[in-house]
Amino acid sequence: MFLRIVCLLFLAQAAPVFHVKHNFGENITGRVYLFLSLNTSLEPRFSISDDQNTQQFFGVNAEGMGPGVTATFDSSVLGFPLESLAELPTPVTCAVQAVIQPYDLYNRSASPPVWLPRVVVNRVGGLFAAPGTHYSKPTIITITADTETTLVATETEPDVPFIGPANDTDYIKHVTIRSRLLSEFWGRDVALEACVLLPLDWAAHPEARFPLVLFQGHYSDDWSGPGAFSETPPSPTLTGIDLLEAEYAYYLFRNWSAPDGVFRGRRVIVVSVKHPTPFFDDSYAVNSENQGPYGDAIMYELLPHVETLFRGIGQGWARTVIGESTGGWEAMASQVLYPHVFNGAWVSCPDPLDFRAYTTTNIYEDENAYYYTSPWKRTPRPGLRDWPSNFILGYTTPNGMTTSTVWELNQHELVLGDHSRSCGQYDIWEATFAPRDKETGFPMRLWDKRTGNMNFEVTRRVRENYDLSYIMQRDWGTLGPLLTGKLHIFVGASDSWYLNNAVMLVQDFLESTTAPPYNGTIEIGAHAGRGFAHCWTGARDTPNSIARLTQLQRFVPDMVARMLATAPHGADTSSWRY
């Protein structure tokens with residue numbers, strides 16, 4: 001009885017109410033957000049994060065929201081990090097702002113129509129600054145439990161045409177194709193883009209045919225290979241991490257364009273790919289029920305086109321793949337799922353390779369994704385510790401301090417958007433790996449996003465197609481001979497997202513193989529006894545912020561050695577070795 005009274009008192013508790021509307025001449029289907037921020041130096045819509053500096057926001061869906069129609073935010077609307085307006089400590093003075101983000105309607109093949117976020121890339125602020133997004137001007141108010149007010153979205157992010165990447169140079173080329181496979185899937189024209197780094201004197205050697213290195217990773221407007229590349233010296237006005245990146249970008253150019261040095265006799269083509277989807281800035285480069293056949297489109301449409309244009313050898317022995325983080329998982333998937341296409345994968349800090357360690361959750365055995373199972377206590381699973389050190393000068397000290405729990409990371413995403421529409425990390429994994437719900441057209445949930453309760457029927461289906469560790473163990477008899485000598489995996493011992501857990505499970509399996517042995521490399525990185533945070537790329541004596549910018553210098557020699565050692569009889573192993 002006491003618990004019932006407490007619950008009724010909570011439900012009856014007074015809470016502020018906000019209404020959001022717009023006066024634009026359109027009916028909007030999408031997502032409406034309310035932001036509350038104590039940090040008045042920054043627009044509230046840009047103040048949400050997964051660390052302790054985050055501010056507060058709430059989100060609701062809008063269907064055909066016309067001019068003057070209101071979306072209401074009351075105590076029933078889900079928020080992050082506070083779940084309800086009823087939890088708001090009042091009175092409180094803060095900046096408030098509303099955002100209305102329109103969705104687009106997609107008619108994919110063999111699927112009900114679905115409303116999804118517009119493809120959002122190349123914009124500061126991500127979802128909240130996408131072209132066509134409506135928003136109100138920030139207003140500072142004092143909120144009490146009795147507050148009821150209306151915010152009107154009067155501003156719109158301009159739909160400025162994307163100017164495109166920089167002009168081609170002797171080294172950097174840009175390629176765009178219409179993918180037949182993806183266009184048929186999405187019911188609209190879908191392009192794949194590549195940014196190509198050509199070797200020294202490519203044009204002066206018309207007889208040469210070149211190996212190809214595919215770089216997998218997040219979207220970037222221009223060249224985004226394993227190491228920045230710039231043909232001009234750093235600006236004298238740069239400082240800090242910006243100066244470091246510019247220095248090493250120019251350093252790579254000087255190495256790449258030198259007749260002698262590390263790339264002499266190792267002239268290769270390096271290709272980075274752009275493949276954003278409505279679910280994320282990157283498709284994860286595999287075939288997916290929800291996103292389409294991106295794996296086949298990249299492997300069988302884009303790469304052959306690039307090799308035809310730029311005189312690639314065009315054979316599996318003369319291709320390797322490299323990536324880090326998201327790109328690390330993609331590099332591993334490219335090699336495991338397309339074993340004939342590549343002759344080696346250099347995989348750094350990959351997203352979970354073994355779904356028994358889906359960061360800190362075993363999706364096949366754990367009943368709840370957010371809390372450890374116990375009859376007497378409820379311990380949250382950690383989701384993020386410390387902070388990635390890619391953009392921090394020098395070495396960092398991994399204290400193992402929890403920055404965010406798995407529940408918090410997922411709560412954040414659920415407020416951003418339901419049905420895997422947050423463009424967040426767990427949702428893109430779900431959009432990539434999970435089956436498509438035939439009734440709704442949306443990805444099926446691996447677990448209840450609100451409670452964390454696992455859906456084992458879905459996770460078992462996911463395992464068969466995307467758990468790369470499971471696939472290797474299941475198929476090693478036939479897959480092993482195609483992968484031996486090809487797998488090189490690196491992860492920091494203190495990876496910020498606990499990605500080392502899955503790598504260690506893969507290590508246990510691969511190092512146990514005998515028929516055949518995997519004959520590759522797995523390194524768990526530490527410096528002076530302290531584990532590297534995200535995203536370690538295999539250099540023990542160099543900080544992450546520098547090591548990630550020197551991957552081509554470090555790995556291309558090993559790639560070429562592998563190619564030369566395994567090239568078939570009569571293969572061209574000389575024309576590109578000037």
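The values are calculated or read from the model by the stated rules, or taken from the named source; none is laboratory data. Quick caveat, the model's predicted, so the values are computed rather than measured. Please note: Cβ atoms are built from the backbone with ideal geometry, for glycine as well, and neighbour counts cover all protein chains shown. Quick note on the areas: whole protein, heavy atoms, side chains included, nothing else; ligands and nucleic acids left out. Shrake-Rupley method; radii C 1.70, N 1.55, O 1.52, S 1.80 Å.
In the stretch 293-396, which strands (runs of 3 or more DSSP E) lie fully inside it and hold 3 or more residues that are of a type in the set (S, T, N, Q) and open to solvent by 20 Å² or more (accessible area, probe 1.4 Å)?
Passing ranges: none, list empty.
Does at least one position in the stretch 279-290 carry a residue that is modelled with pLDDT of 95 or more and assigned to a helix (DSSP H, G or I)?
No.
Is there a residue in the stretch 494-510 that is surrounded by fewer than 19 Cβ atoms within 10 Å (Cβ to Cβ) and assigned to a loop (DSSP other than H, G, I, E, B)?
no
Thr403 fails exactly one of the following numbered conditions: (1) among the β-branched types (Val, Ile, Thr); (2) part of a strand (DSSP E or B); (3) surrounded by 19 or more Cβ atoms within 10 Å (Cβ to Cβ). What is the number of that condition?
Going through (1) among the β-branched types (Val, Ile, Thr); (2) part of a strand (DSSP E or B); (3) surrounded by 19 or more Cβ atoms within 10 Å (Cβ to Cβ) one by one, Thr403 breaks only (3).
Name the pairs: first residue in the stretch 254-270 and over 13 Å from Asp201 (Cα atoms), second residue open to solvent by 30 Å² or more (accessible area, probe 1.4 Å) and part of a loop (DSSP other than H, G, I, E, B), Cβ to Cβ under 7 Å, at least 6 apart or on different chains?
Final answer for the pair search is Asn255/Gly261; Asn255/Val262.
Sort out which residues of the stretch 511-526 are out of contact with any strand residue (DSSP E or B) (no Cβ under 9 Å at 6 or more places or on another chain) and either outside any loop (DSSP other than H, G, I, E, B) or under 22 Å from Arg463 (Cα atoms) (or both), and write them in order of number. Talk me through it step by step, then tell me what you get.
First, pick out the residues of the stretch 511-526 that are out of contact with any strand residue (DSSP E or B) (no Cβ under 9 Å at 6 or more places or on another chain): 512-517.
Listed by number, the residues that qualify are Ser512, Thr513.
Could you list, in sequence order, the residues of the stretch 226-250 that are in contact with a helix residue (DSSP H, G or I) (Cβ under 8 Å, 6 or more places away or on another chain), over 23 Å from Gly126 (Cβ atoms) and either in contact (Cβ under 8 Å) with a residue 24 or more places away in the chain or not hydrophobic (A, V, I, L, M, F, W, C) (or both)?
We begin by selecting, within the stretch 226-250, every residue in contact with a helix residue (DSSP H, G or I) (Cβ under 8 Å, 6 or more places away or on another chain); these are 226-235, 238, 241, 244, 248.
Still in the running and over 23 Å from Gly126 (Cβ atoms): 226-227, 229-235, 238, 244, 248.
Pro226, Gly227, Phe229, Ser230, Glu231, Thr232, Pro233, Pro234, Ser235, Leu244, Tyr248 - these are the residues of the stretch 226-250 that are in contact with a helix residue (DSSP H, G or I) (Cβ under 8 Å, 6 or more places away or on another chain), over 23 Å from Gly126 (Cβ atoms) and either in contact (Cβ under 8 Å) with a residue 24 or more places away in the chain or not hydrophobic (A, V, I, L, M, F, W, C) (or both).
Return only the number of the condition from (1) surrounded by fewer than 17 Cβ atoms within 10 Å (Cβ to Cβ); (2) under 28 Å from Pro293 (Cα atoms) that Tyr466 does not satisfy.
Failing condition for Tyr466: (1).
What residue, of Pro206, Pro199, Pro234, Pro226, is modelled with pLDDT of 95 or more, assigned to a loop (DSSP other than H, G, I, E, B) and buried (at least 20 other Cβ atoms within 10 Å of the Cβ)? Write out each step before concluding.
Details: Pro206 fails: buried (at least 20 other Cβ atoms within 10 Å of the Cβ); Pro234 fails: buried (at least 20 other Cβ atoms within 10 Å of the Cβ); Pro226 fails: modelled with pLDDT of 95 or more.
Selected residue: Pro199, the only one of Pro206, Pro199, Pro234, Pro226 that is modelled with pLDDT of 95 or more, assigned to a loop (DSSP other than H, G, I, E, B) and buried (at least 20 other Cβ atoms within 10 Å of the Cβ).
Within the stretch 25-44, how many residues are open to solvent by less than 10 Å² (accessible area, probe 1.4 Å) and not hydrophobic (A, V, I, L, M, F, W, C)?
Residues in the stretch 25-44 being open to solvent by less than 10 Å² (accessible area, probe 1.4 Å) and not hydrophobic (A, V, I, L, M, F, W, C): 4 in total.
Name every residue in the stretch 519-528 that is more than 18 Å from Trp329 (Cβ to Cβ) and surrounded by 18 or more Cβ atoms within 10 Å (Cβ to Cβ), in order of residue number. Explain how you work it out, then say what you get.
Filtering the stretch 519-528 down to residues more than 18 Å from Trp329 (Cβ to Cβ) leaves 519, 526-528.
Within the stretch 519-528, His527 is the sole residue that qualifies.
Among the residues of the stretch 284-333, what is the count of those that are under 21 Å from Trp497 (Cβ atoms) and among the hydroxyl-bearing types (Ser, Thr, Tyr)?
Of the residues in the stretch 284-333, 3 are under 21 Å from Trp497 (Cβ atoms) and among the hydroxyl-bearing types (Ser, Thr, Tyr).
Quick one: how many residues across the stretch 237-246 are crowded, with 17+ Cβ neighbours inside 10 Å and either within 30 Å of Gln335 (Cβ to Cβ) or among the charged types (D, E, K, R) (or both)?
Residues of the stretch 237-246 crowded, with 17+ Cβ neighbours inside 10 Å: 244-246.
Narrowing further to those that are either within 30 Å of Gln335 (Cβ to Cβ) or among the charged types (D, E, K, R) (or both): 245.
Qualifying residue count for the region: 1.
When both residues are 6+ apart or on different chains and their Cβ atoms are under 8 Å apart, which pairs have a first residue that lies in the stretch 175-202 and is free of Cβ contacts under 8 Å to residues at least 12 places away in the same chain and on the phi < 0 side of the Ramachandran plot, and a second that is surrounded by 15 or more Cβ atoms within 10 Å (Cβ to Cβ) and among the β-branched types (Val, Ile, Thr)?
Correct list of pairs: Ser183/Val190.
Restricting attention to the stretch 529-578, which residues are among the hydrophobic types (A, V, I, L, M, F, W, C), touching a residue at least 60 places away in the same chain (Cβ under 8 Å) and open to solvent by 20 Å² or more (accessible area, probe 1.4 Å)? Before the answer, list the steps.
Taking the stretch 529-578 as the starting set, the residues that turn out to be among the hydrophobic types (A, V, I, L, M, F, W, C) are 532-533, 535-536, 539, 546-547, 549, 552, 555-556, 559-561, 563-565, 567, 571, 576.
Next, from what is left, pick out any that are touching a residue at least 60 places away in the same chain (Cβ under 8 Å): 532-533, 535-536, 546, 549, 552, 555-556, 559-560, 563, 567, 571, 576.
The answer is Ile546, Ala567, Ala571.
For Ile313, are the conditions met, namely being more than 15 Å from Cys195 (Cα to Cα) and in contact with an Asp or Glu (Cβ under 8 Å, 6 or more places away or on another chain)? Don't jump to the end; show me each part of the working.
On the way: more than 15 Å from Cys195 (Cα to Cα): yes; in contact with an Asp or Glu (Cβ under 8 Å, 6 or more places away or on another chain): yes.
In short, yes.
Which numbered condition in (1) outside any helix (DSSP H, G or I); (2) under 29 Å from the mean Cα position of the chain (by Cα) is the only one that Ser545 fails?
(1)
Any chance the stretch 165-187 includes a residue that's closer than 23 Å to Val556 by Cα and open to solvent by 80 Å² or more (accessible area, probe 1.4 Å)?
yes
Going through the stretch 304-334 one residue at a time, which ones are more than 19 Å from Asn390 (Cα to Cα) and touching a helix residue (DSSP H, G or I) at 6+ places or on another chain (Cβ under 7 Å)?
Gly312, Gly314, Trp317, Ala318, Thr320, Val321, Met332, Ala333
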